[in-house]
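Before any comments, here is the structure.
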Amino acid sequence: QKPVTGMIGNGSFGLPTEVTLAVKESLDKHGHLTKESIMNSLYDVSCGVYSVSREKTTLGKITLRALERYRDGLDIDKCGIIDLNENGSGALIMMYPIAYYAYKNKLQEKEIYELVKEFTGITQNCFGANHSGKIPLVSSK
């Protein structure tokens, strides 16, 4: 009923909130998610567009490397870092907006899995060519 139209103060949101706001705004603007809209949202976050102070926000090193690759013109499907030893929370941070999108569109489990695989792969590509395509599980045995 009363949308938020601005931010005041000198504090800051946490990075997950900034990413969620950026992706949510893109989703509202376009009506759907695209890998390009997510990358552009991450770029806006890195420039401070969603911080209260409008100061640059520090993204994780893996997300920044993927974003740099995208901004340099690399095919978006090749921007995600494939090395399993290169991991961070960038893909995890995108779960908030993906969860919102999945809930809003009443997606089924398989659709959610494909959505997560597609969108987290733009930064941390654990489903890349050098991986089996399966999420590694830890055995309790």
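The values are calculated or read from the model by the stated rules, or taken from the named source; none is laboratory data. What you see is a predicted model; the values in this text were computed from it and never measured. Positions of Cβ are backbone-derived with ideal geometry, glycine not excepted, and every protein chain shown enters the neighbour counts. Only protein heavy atoms, including side chains, enter the accessible area calculation; ligands, DNA and RNA are left aside. Shrake-Rupley method; radii C 1.70, N 1.55, O 1.52, S 1.80 Å.
Details
- Residues that are out of contact with any helix residue (DSSP H, G or I) (no Cβ under 8 Å at 6 or more places or on another chain), in a helix (DSSP H, G or I) and either open to solvent by 40 Å² or more (accessible area, probe 1.4 Å) or at pLDDT below 85 (or both) occur in the stretch 50-62; there is at least one.
- Conditions (1) in contact with a helix residue (DSSP H, G or I) (Cβ under 8 Å, 6 or more places away or on another chain); (2) modelled with pLDDT of 80 or more; (3) open to solvent by less than 50 Å² (accessible area, probe 1.4 Å): number failed by Y43: (3)
- Among the residues listed as K106, K110, K24, the single one being in a helix (DSSP H, G or I) and either open to solvent by 90 Å² or more (accessible area, probe 1.4 Å) or free of Cβ contacts under 8 Å to residues at least 24 places away in the same chain (or both): K110
- Across the stretch 5-21, the qualifying residues are those that are touching a helix residue (DSSP H, G or I) at 6+ places or on another chain (Cβ under 7 Å) and either surrounded by fewer than 19 Cβ atoms within 10 Å (Cβ to Cβ) or of a type in the set (S, T, N, Q) (or both), and the one among them that is modelled with the highest pLDDT is T20.
- Count of the stretch 93-130 residues which are over 20 Å from N40 (Cβ atoms) and at pLDDT below 80: 5
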